[in-house]
Amino acid sequence: MGEKKKTTIVLFSGDYDKSMAAYIIANGAAAYDHEVTIFHTFWGLNALRKDEQIDVKKGFMEKMFGKMMPRGAEKMGLSRMNFAGFGPKMIKDVMKKHNAMSLPQLIEMAQEQEVKLVACTMTMDLLGLQQEELLENIEYAGVAAYLADAEDGNVNLFI
Amino acid sequence: MGEKKKTTIVLFSGDYDKSMAAYIIANGAAAYDHEVTIFHTFWGLNALRKDEQIDVKKGFMEKMFGKMMPRGAEKMGLSRMNFAGFGPKMIKDVMKKHNAMSLPQLIEMAQEQEVKLVACTMTMDLLGLQQEELLENIEYAGVAAYLADAEDGNVNLFI
Amino acid sequence: MGEKKKTTIVLFSGDYDKSMAAYIIANGAAAYDHEVTIFHTFWGLNALRKDEQIDVKKGFMEKMFGKMMPRGAEKMGLSRMNFAGFGPKMIKDVMKKHNAMSLPQLIEMAQEQEVKLVACTMTMDLLGLQQEELLENIEYAGVAAYLADAEDGNVNLFI
């Protein structure tokens, strides 16, 4: 009657490669029957953005953040060797060649495997992101909920 | 008679946003009655620097590091969208507008909540930082003390 | 008959300073009798590269990645203050002055202390790295093996 093991990841980074690592670990853990949560905070929220522009009322600063940050996983850059966008293209080409899953596919798979995707409400406020701009079927919570998940976690990572 | 839960964070990064995340998690954990330690190493030591210049004897390299690294939390840059210092200003403006706590306030709150703030003595040596240059009421230790805290930790993060 | 404590580190970063932090924690944990694993993925694989060029058959993309990525620990850059390679030289000079171990020495020590060094086969494929190009006496595995180590870990870090 063992309890399920738990994996809880804070995804702070807005890099394509780091987000891939987070989602590969999350999907692996879900396949091994862990209860998995990814808590998206700061730039990590960009992985959850829809790729089209959503009309919502925003102040000036919030509009600027909205424009400057990548709209969705597909548009994120690399943590290194980004070369003004050439690096991500190289990585994506090589991933396609090896039949590796892209980040948007990894996110979809995570949702199918019932990985809990959480958007940090505090940083949504700061960056001016609204629920309409983020993917469907995610949860909204703050640091207290993260800690409640993490304190019984077997694998806790900050990425 | 349950033991206290434990959160232990290695703060390696010298970025304003990552340090904020570390201190928000730490303050949250302390509020939930965890025993919390932040072990500041490498560039993370900059969060503990006093903001004025302190007169201490230093060699040439140590002086250069001292000059090139930000003097205190208020002067740290962002991990992305730094835009030569414009990014931190945007973030701070937006934080003020939302009544979010600044990094120096988060550090003060951590000290009030008895979060144990530790400076890594090995990297202090390397970067030529001396105790007089760092905040009061912090501890000094090495990797052995970190591991002693972390090995019984519930939430262990490297930020 | 207590079991051994376990430390499991994902080394994702290809930065000299972050890799140093990973290996210092790993060596510390091994000295305190932990069972220690470093799982090298993405840019973290560069720490395991041999420093000479190895003749292996590669496609065009794989050759480009091979050329653009640092060949071995000694050639890695810093996560900040890299200054086109000047930063690493400063750090190395100051480390020598303080008799601190260099990253290649830390890796050697880890191997002597039987820290398990693992190369992530999935990212080796992606980046076109072959076993002949990596250090001797390391293991090859994927995310499943990482999770098997990490889920019983006391200290789990993503660096």
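The values are calculated or read from the model by the stated rules, or taken from the named source; none is laboratory data. Given the structure is predicted, the values throughout are model-derived calculations rather than measurements. Every residue, glycine as well, gets a Cβ built from its backbone with ideal geometry; the counts of neighbours run over all protein chains shown.
Per-structure values
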item	result
In segment A:25-53, the residues that are over 19 Å from A:ILE138 (Cβ atoms) and part of a helix (DSSP H, G or I)	A:GLY28, A:ALA31
Residue match in segment C:43-65 (condition: in contact with a Phe, Trp or Tyr (Cβ under 9 Å, 6 or more places away or on another chain), facing another protein chain (nearest Cβ under 9 Å) and of a type in the set (Phe, Trp, Tyr))	yes
Elements of type strands (runs of 3 or more DSSP E) contained in segment C:54-159, each with 3 or more residues being of a type outside the set (Phe, Trp, Tyr) and over 22 Å from A:GLY87 (Cβ atoms)	C:116-120, C:155-158
Qualifying residue in segment A:139-150 (condition: buried (at least 17 other Cβ atoms within 10 Å of the Cβ), within 13 Å of the chain's Cα centre (by Cα), in contact (Cβ under 8 Å) with a residue 40 or more places away in the chain and more than 9 Å from chain B (Cβ to nearest Cβ))	no
Flag for A:ASP51 being more than 14 Å from the chain's Cα centre (by Cα) and acidic (Asp, Glu)	no
Qualifying positions in segment B:19-35 - within 13 Å of B:PHE158 (Cα to Cα) and more than 7 Å from chain A (Cβ to nearest Cβ)	B:SER19, B:ALA22, B:TYR23, B:ALA26
Selection from segment A:68-116 of residues that are away from chain C (no Cβ under 11 Å) and at pLDDT below 85	A:MET68, A:ASN82, A:ALA84, A:GLY85, A:PRO88
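To keep it simple, each residue is scored yes or no on (1) on the phi < 0 side of the Ramachandran plot; (2) small (Gly, Ala, Ser); (3) touching a Lys or Arg at 6+ places or on another chain (Cβ under 6 Å).
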| position | (1), (2), (3) |
| --- | --- |
| C:THR8 | yes, no, no |
| C:ALA22 | yes, yes, no |
| C:ALA29 | yes, yes, no |
| C:TYR32 | yes, no, no |
| C:PHE42 | no, no, no |
| C:LYS50 | yes, no, no |
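Results for (1) crowded, with 19+ Cβ neighbours inside 10 Å; (2) in contact with a strand residue (DSSP E or B) (Cβ under 6 Å, 6 or more places away or on another chain), shown as yes or no for each residue.
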{"position": "C:LYS5", "(1), (2)": "yes, no"}
{"position": "C:ALA29", "(1), (2)": "yes, yes"}
{"position": "C:HIS40", "(1), (2)": "yes, yes"}
{"position": "C:LYS57", "(1), (2)": "no, no"}
